[in-house]
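A.B. asks: My structure is below; once you've seen it, I'll send some questions.
The values are calculated or read from the model by the stated rules, or taken from the named source; none is laboratory data. Everything numeric here is computed off the predicted structure, so don't read it as measured data. Cβ atoms come from the backbone with ideal geometry, glycine included; neighbour counts cover every protein chain shown. Surface areas here come from the heavy atoms of the whole protein model, side chains and all, with no ligands, DNA or RNA. Shrake-Rupley method; radii C 1.70, N 1.55, O 1.52, S 1.80 Å.
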Amino acid sequence: MPTPKVKFNETAAKGEILEIKTMIDHDMESGQRKDKDGKLIPRKIVNKFICTLNGKELFHAEMHGAVSANPATNFFITATESGTMEFKWFDDDGSVYAISRQLTVN
Amino acid sequence: MKTSLIALAALFVALAGSAAQADPPFDPKDPKMAPYISGDKRSGYTFAEPETRAMQDDEFLNPASLWVEKGEALWTKPDGKANRSCSSCHGKAEDNMKGVGSVYPKYDIHAGTVINLEQRINMCREKHMAATPWKYESEPLLAMTTFVKMQSRGMPVQVQIDGPAVSYFENGRRFYYERRGMNDLACKHCHEDNWGNHVRTELLSQGMTNGFPTYRLKWQKLGSLHRRLAGCNEEIRAEPYPLGSREYVDLELYLAWRAQGLQVETPSVRK
């Protein structure tokens, strides 16, 4: 079961620019490789990443076959309001890996 | 023999020369590089691309941190018939595992031979936890080895090569200088005679082991030194030895001695 992790300054001043760092441990099996018997190993990657604040989308990324294992997604946001930040990774097999953090903006 | 080796070398030079390969910047006087140099020894870090160095330096973005976290969780997790965890005997890893990783491989009285850190961990599991030893290169063994060795980060590699370790050390040295495989090359041909030169586009390093276990971008995961050694052997078209074998542990001891003085960098990131 992949475990995501997230790091940023959880307390920020209004208007401050925050760098959000995220990473998830995932094999990102590309679907191009073959096993010992020469059969294709089916693709199993995280194909989408979404970050929301109080339900509103802040950032989203679509990922494809060439993305490396353990993908790290870093991005910047401007701190405008406090609330719950949710981070979600969507797997090819339908699983969703989620983690949430509280952001406090003074 | 010598002419054919020169011809081979000339071929490599011709191939590398035409690519106008730009080496990663390295300034020996750069204070940021100081922790990665000891005398004329240079850690693999100094041969890495700036992007790879940045990935290693960032504690969060270093992908090996995922294994460090797994290792940290395993440290306190009871296992085996004795229902003990590593911390039952050793307490806090941050305090009690400091300086442990930097002295392995080491002669162990109970084992009666030189063992590496992976084998020491498995010995603990069998003897004190009554648990099944982890398979070499398995996720938990990699995670635990990395977690333990990381506690020695910044400390110089310091192995004992005298006393009972002498014969193992000599075996390792012999391995290093022995030609093998279809390419008829020894470790020293790349990592002693030709470091800083290219094999096609590959920049040869001094083959220092202070950063292992390392997250290798080619592997897309963390891997042990023995996996790297097996990879090296395959590249020169020699039959690799099994991971954890006598040959590789002895070589690991010799390589640790070569890296003596360099700081433990675990977990490093390499291409």
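A.B. asks: Compute the distance from the alpha-carbon center of the stretch B:227-261 to that of the stretch A:13-58, in whole Å.
C.D. replies: Centre-to-centre distance over Cα atoms comes out at 34 Å.
A.B. asks: Can you work out the FRET efficiency for the pair A:H60 and B:E178, with r the C-beta to C-beta distance and R0 = 56 Å, to the nearest 0.05?
C.D. replies: That gives a FRET efficiency of 0.50.
A.B. asks: List the residues whose amide H sits under 5 Å from the amide H of B:T113, counting only those 5 or more places along or on another chain, with H placed 1.01 Å from N in the peptide plane.
C.D. replies: Under 5 Å from the amide H of B:T113: B:D108.
A.B. asks: Let me ask something additional. Shape verdict for the stretch B:185-271, please, from the Cα gyration tensor: rounded (a/c under 1.5), prolate (a/b greater than b/c) or oblate.
C.D. replies: rounded
A.B. asks: Non-local amide H neighbours of B:T214 (under 5 Å, H modeled in plane, Pro and chain starts lacking H): which ones?
C.D. replies: For B:T214, the qualifying residues are B:G223.
A.B. asks: Among B:Q151, B:T266, B:Y248, which residue has its Cα positioned farthest towards the positive end of the charge dipole of chain B, with +1 placed on the Cβ of Lys and Arg, -1 on the Cβ of Asp and Glu, and the dipole taken about the Cα centre?
C.D. replies: B:Y248
A.B. asks: Another question about this same structure. Leaving out ligands, DNA and RNA, and with a 1.4 Å probe, what % of the accessible surface on the stretch B:38-269 is carbon or sulfur?
C.D. replies: Ligands and nucleic acids excluded, carbon and sulfur reach 51 percent.
A.B. asks: Here is a further query. So which trypsin sites (Lys or Arg not before Pro) in the stretch A:33-106 end up in coil per DSSP with only 16 or fewer other C-beta atoms within 10 Å? Provide the component values of the computation, followed by the final result.
C.D. replies: On the way: sites: A:R33, A:K34, A:K36, A:K39, A:R43, A:K44, A:K48, A:K56, A:K88, A:R101; in loops: A:R33, A:K36, A:K39, A:R43.
Qualifying residues, ordered by number: A:R33, A:K36, A:K39, A:R43.
A.B. asks: Heavy-atom accessible area of B:L217 with all protein chains present, probe 1.4 Å, nearest 10 Å²?
C.D. replies: Roll a 1.4 Å probe over it and B:L217 shows about 60 Å².
A.B. asks: Here is a further query. Given a Förster distance of 41 Å, report the FRET efficiency between B:I109 and A:D37 from their Cβ-Cβ distance, rounded to the nearest 0.05.
C.D. replies: 0.35
A.B. asks: If you don't mind, another one. Zone of B:S167 (label point 7 Å along Cα→Cβ, backbone N under 13 Å): which residues in the stretch B:106-137?
C.D. replies: In the stretch B:106-137, the label zone of B:S167 (backbone N under 13 Å from the point 7 Å along Cα→Cβ) covers B:112-114.
A.B. asks: While we're looking at this one, here's another question. Could you compute how much accessible area chains A and B hide from each other, both sides summed, with a 1.4 Å probe? Nearest 100 Å² is fine.
C.D. replies: The summed interface area works out to 1000 Å².
A.B. asks: Given a Förster distance of 22 Å, report the FRET efficiency between A:K48 and B:D57 from their Cβ-Cβ distance, rounded to the nearest 0.05.
C.D. replies: The computed FRET efficiency comes out at 0.15.
A.B. asks: Which percent, nearest 5, of DSSP beta bridges in the stretch B:38-269 are antiparallel?
C.D. replies: In the stretch B:38-269, approximately 85 percent of DSSP beta bridges are antiparallel ones.
A.B. asks: Sticking with this structure for a sec: Would you work out which of A:Y97, A:N54, A:I41 lies farthest towards the positive end of the dipole of chain A, given +1 charges on the beta-carbon of Lys and Arg and -1 on that of Asp and Glu, about the Cα centre?
C.D. replies: Going by the charge dipole, the pick is A:I41.
A.B. asks: Once you keep just the Cα pairs under 8 angstrom separated by 6 or more residues, what percentage relative contact order results for the stretch B:38-269?
C.D. replies: 28 percent
A.B. asks: Hey, another quick one. Can you give me the accessible area per residue for chain A, using a 1.4 Å probe, in Å²?
C.D. replies: Spelled out: the 1.4 Å probe surface of chain A, per residue, equals 56 Å².
A.B. asks: Roughly how far apart, in whole Å, are the Cα centres of the stretch B:43-63 and the stretch B:77-105?
C.D. replies: Between the Cα centres of the stretch B:43-63 and the stretch B:77-105 lies a distance of 28 Å.
A.B. asks: At what distance in nm do the modelled label points of B:K188 and A:Q102 sit from each other, each positioned 7 Å from its Cα along Cα→Cβ?
C.D. replies: Simple spin-label model gives 6.4 nm for this pair.
A.B. asks: Of the DSSP beta bridges with both residues in the protein assembly as shown, give the percent that are antiparallel, rounding to the nearest 5.
C.D. replies: 90 percent
A.B. asks: In the stretch B:199-245, what residues drop by 30 Å² or more of accessible area when the other protein chains are put back, versus the chain on its own? Use 1.4 Å, and skip ligands and nucleic acids.
C.D. replies: Those residues are B:Q220.
A.B. asks: Something else about it: Taking 10 Å² as the minimum loss, tell me which residues in the stretch A:15-29 lose that much accessible area going from the chain by itself to the full protein complex (1.4 Å probe).
C.D. replies: Correct list: A:K21, A:M23, A:D25.
A.B. asks: When the solvent-accessible surface of protein heavy atoms is calculated with a 1.4 angstrom probe, in what order do B:K29, B:K98 fall, highest first?
C.D. replies: B:K29, B:K98
A.B. asks: Same structure again: Tell me, what is the per residue accessible area of chain B in Å², probe radius 1.4 Å? Present the calculation step by step, with values, prior to reporting the outcome.
C.D. replies: Numbers: 13310 Å² over 271 residues.
Heavy-atom accessible area per residue stands at 49 Å².
A.B. asks: In the stretch A:39-79, what percent of the accessible surface is made up of carbon and sulfur (1.4 Å probe, ligands and nucleic acids excluded)?
C.D. replies: Ligands and nucleic acids excluded, carbon and sulfur give 58 percent.
A.B. asks: If you count only protein heavy atoms and use a 1.4 Å probe, how large is the accessible surface of B:M182, to the nearest 10 Å²?
C.D. replies: The value for B:M182 is about 150 Å².
A.B. asks: Please give the charge dipole size of the stretch B:38-269, origin at the Cα centre, charges +1 on K and R Cβ atoms and -1 on D and E Cβ atoms. Round to the nearest 20 debye.
C.D. replies: Values: 30 positive and 30 negative charges, 91 e Å.
The dipole of the stretch B:38-269 has a size of about 440 debye.
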